[in-house]
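Before any comments, here is the structure.
The values are calculated or read from the model by the stated rules, or taken from the named source; none is laboratory data. Everything numeric in this text was worked out from a predicted model, so none of it was measured. No Cβ is skipped: glycine too gets one built from the backbone with ideal geometry, and neighbour counts run over all protein chains shown. The area values use the complete protein model at the heavy-atom level, side chains included, leaving out ligands, DNA and RNA. Shrake-Rupley method; radii C 1.70, N 1.55, O 1.52, S 1.80 Å.
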Amino acid sequence: MIINRPPMGWNSWNTFAENINEKVVMETADFIVESGLKDCGYEYVIIDDCWSLKERNEKNEIVPDPEKFPHGMKYVSDYIHSKGLKFGMYSCAGTMTCAAYPGSLDHEFIDAKCFAEWGVDYLKYDYCYHPFTTYGHMLYKRMGLALANCGRDILFAACSWGSENTKTWIKETGAHTWRSTGDIFDTWESIKELALSQYKVAEYNGCGCFNDMDMLVVGMKGKGHVGLKGCTTEEYKTHFAFWAMMGSPLIIGCDLREADDDAMAILKNKELIRIDQDAAYRQPYFVDGNRIINNERKGDEPLYSWYPDHMPVIVRHLENGDIAIGFFNFTDNEHYECFTLDAVGLGFCTGKSLELTDVWTGEVSKPINDTVGANLPAHGCVVYRAKVVDR
Ligand code: GLA
């Protein structure tokens, strides 16, 4: 199975954790269709940890908890499929999942067969409780092979949080996405930490095996399992825009049934989704004034880590010749940030400039004196989709 777009969908963990059940999952599927999120591209409905009993059955299979899923998983899967959506589940490479339910260690082929029989389309595969006598790449290869041989196309979403230098071996395992970060929480500090961690891994991304920055917290507003403090609308916009600029999977984590209008507007931003899902899937790069930071290296490590003031400017060249430009402000003060057109390949000699469309407001503008700039509120962002035009 090959995937050529970062997956989009919803996952139960951020809000529900062990309170997951059939009703929540099926109502969420209904909502994804009725609210128009499906038309925006959200398609996977994923049950995370805590779905099973604590013991396997006599055939060594994992058993769905009958209190949470009284009709079994095939029933939930059929319902999700009847809505034109896809069904995702969760397991772990260790003896237990992170929440201490049975993991798939030494049962990889049995579990993959069960998932195939239940009609699973996506498997998130975590890394808790793994034996210290073996390596992550061995365990992910095992499940990669089990899924590739289970008789059904199942997207393999690896979740080893970037540990053991995941980025260097994950593509060997058959994974379609790889989690480059620790867990997200519904706070500005968490969003900032995850976003800035991407300086070091942005280039380990691409078609076939997408860098997963973890699920979205947009709309959580401090409620649910990773709820904590919650964020402002401005901060949720920055979070969503950053994930889209980087081409991360867009997996919603709030209780959609209670999401407010601001959250829905962010999650449905068509231009950002279009950038996230751009068919060319070119590597994003960071610019700082006239310097292209990506090209400055010391050994194998990009030098993003010294980036001075937490105001990354990300650029991605898109399939139709447009350019996506994202200005982000991770500082606590208002700022102006800019770069000159040379930094994206449009030096004066080319005779070309850009027409900039703001993805939030639709406002159209042009660079002034060859300079693309943006006024950024604290914790805010400005993202342009830019068309190459004559000067
Ligand atoms: C890990 C993962 C999370 C979530 C939990 C479930 O922490 O990184 O995304 O799946 O396990 O226990």
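Suppose the filter is crowded, with 18+ Cβ neighbours inside 10 Å and within 19 Å of the chain's Cα centre (by Cα); does SER77 pass it?
Working: crowded, with 18+ Cβ neighbours inside 10 Å: yes; within 19 Å of the chain's Cα centre (by Cα): no.
For SER77, the condition - crowded, with 18+ Cβ neighbours inside 10 Å and within 19 Å of the chain's Cα centre (by Cα) - is not met.
Tell me which residues, restricted to region 119-129, are hydroxyl-bearing (Ser, Thr, Tyr) and open to solvent by less than 40 Å² (accessible area, probe 1.4 Å). Break it down stepwise before answering.
Of all residues in region 119-129, those hydroxyl-bearing (Ser, Thr, Tyr) come to 122, 125, 127, 129.
Those that are hydroxyl-bearing (Ser, Thr, Tyr) and open to solvent by less than 40 Å² (accessible area, probe 1.4 Å): TYR122, TYR125, TYR127.
Among the listed residues LYS54, LYS59, which satisfies the condition of being within 15 Å of the ligand (Cβ to nearest atom), over 30 Å from ILE266 (Cα atoms) and more than 27 Å from the chain's Cα centre (by Cα)?
Working: LYS59 fails: within 15 Å of the ligand (Cβ to nearest atom).
It is LYS54.
Looking only at region 309-336, filter to residues that are of a type outside the set (A, V, I, L, M, F, W, C) and surrounded by 20 or more Cβ atoms within 10 Å (Cβ to Cβ); which one of those is farthest from PHE286 (Cα to Cα)? Let's see the steps before the verdict.
The initial filter retains those residues of region 309-336 that are of a type outside the set (A, V, I, L, M, F, W, C), namely 309-310, 312, 316-317, 319-322, 326, 329, 331-336.
If we keep only those that are surrounded by 20 or more Cβ atoms within 10 Å (Cβ to Cβ) too, we end up with 312, 316, 322, 326, 329.
Values: PRO312: 7, ARG316: 9, ASP322: 17, GLY326: 9, ASN329: 14 Å.
Restricting to residues being of a type outside the set (A, V, I, L, M, F, W, C) and surrounded by 20 or more Cβ atoms within 10 Å (Cβ to Cβ), the top hit is ASP322.
Could you please give the count of residues in region 228-249 that are in a loop (DSSP other than H, G, I, E, B), under 30 Å from THR168 (Cβ atoms) and more than 16 Å from the ligand (Cβ to nearest atom)? If you could, list the steps in order and put the result at the bottom.
Start the filter on region 228-249 by keeping residues that are in a loop (DSSP other than H, G, I, E, B), which leaves 228-232, 247-249.
Subsequent filtering for residues that are under 30 Å from THR168 (Cβ atoms) retains 247-249.
With the extra rule that they be more than 16 Å from the ligand (Cβ to nearest atom), the set shrinks to 247.
The qualifying residues number 1.
Over 13 Å from MET1 (Cβ atoms), in contact (Cβ under 8 Å) with a residue 40 or more places away in the chain and away from the ligand (no atom under 16 Å from the Cβ): does that describe ILE110? Even if it seems obvious, please write down each step before you answer.
Numbers: over 13 Å from MET1 (Cβ atoms): yes; in contact (Cβ under 8 Å) with a residue 40 or more places away in the chain: yes; away from the ligand (no atom under 16 Å from the Cβ): yes.
So ILE110 fits the description; yes.
Could you give every pair whose Cβ atoms fall below 8 Å, whose first residue belongs to region 214-227 and is part of a loop (DSSP other than H, G, I, E, B) and away from the ligand (no atom under 12 Å from the Cβ), and whose second residue is open to solvent by 10 Å² or more (accessible area, probe 1.4 Å) and basic (Lys, Arg), counting only separations of at least 6 or pairs across chains?
Within 8 Å, the pairs are GLY222/LYS229; GLY227/LYS221.
Would you list the strands (runs of 3 or more DSSP E) that sit entirely within region 320-391 and hold 1 or more residues that are within 26 Å of THR232 (Cβ to Cβ) and among the aliphatic types (A, V, I, L, M)?
Once the strands (runs of 3 or more DSSP E) in region 320-391 are filtered for at least 1 residues that are within 26 Å of THR232 (Cβ to Cβ) and among the aliphatic types (A, V, I, L, M), what remains is 323-328, 352-358, 371-376, 381-390.
Looking at region 173-213 only, could you name the residues that are aromatic (Phe, Trp, Tyr), at pLDDT 95 or above and away from the ligand (no atom under 13 Å from the Cβ)? Give the derivation first.
So in region 173-213, the residues aromatic (Phe, Trp, Tyr) come out as 178, 185, 188, 199, 204, 210.
Filter once more, keeping what is at pLDDT 95 or above: 178, 185, 188, 210.
Within region 173-213, TRP188, PHE210 qualify.
Failed condition for LEU228, given (1) out of contact with any Asp or Glu (no Cβ under 9 Å at 6 or more places or on another chain); (2) surrounded by fewer than 24 Cβ atoms within 10 Å (Cβ to Cβ), with all others met?
Only one criterion is unmet by LEU228, namely (1).
Which residue pairs have Cβ atoms closer than 8 Å, lie 6 or more positions apart in sequence or on different chains, and pair a first residue in region 87-106 that is more than 15 Å from MET73 (Cβ to Cβ) and open to solvent by 30 Å² or more (accessible area, probe 1.4 Å) with a second residue that is more than 8 Å from the ligand (Cβ to nearest atom) and modelled with pLDDT under 95?
If the second residue must be more than 8 Å from the ligand (Cβ to nearest atom) and modelled with pLDDT under 95, the pairs left are THR95/PRO131.
Scan region 355-369 and give yes if some residue there is aromatic (Phe, Trp, Tyr) and under 18 Å from ILE273 (Cβ atoms), otherwise no. Write out each step before concluding.
So the first thing to find is which residues in region 355-369 are aromatic (Phe, Trp, Tyr), and the list is 360.
Okay, now just the ones that are also under 18 Å from ILE273 (Cβ atoms), so 360.
Yes, there is a match, as at least one residue in region 355-369 is aromatic (Phe, Trp, Tyr) and under 18 Å from ILE273 (Cβ atoms).
Return the residues of region 35-51 that are within 15 Å of the ligand (Cβ to nearest atom) and open to solvent by 40 Å² or more (accessible area, probe 1.4 Å); say none if nothing qualifies.
none
Collect the residues in region 288-324 that are at pLDDT below 85 and in contact with a strand residue (DSSP E or B) (Cβ under 6 Å, 6 or more places away or on another chain), keeping them in residue-number order. Spell out the reasoning first.
Step one: filter region 288-324 for residues at pLDDT below 85, giving 288-311.
Once the filter is applied, which keeps residues that are at pLDDT below 85 and in contact with a strand residue (DSSP E or B) (Cβ under 6 Å, 6 or more places away or on another chain), region 288-324 yields GLY289, ASN290, ILE293, ASN294, MET311.
Kindly evaluate TYR127 against the criterion of being within 15 Å of GLY103 (Cβ to Cβ) and away from the ligand (no atom under 12 Å from the Cβ). Talk me through it step by step, then tell me what you get.
Values: within 15 Å of GLY103 (Cβ to Cβ): yes; away from the ligand (no atom under 12 Å from the Cβ): no.
So TYR127 does not fit the description; no.
Checking PRO70 against (1) within 17 Å of TYR125 (Cα to Cα); (2) away from the ligand (no atom under 16 Å from the Cβ), only one condition comes out false. Which one?
(1)
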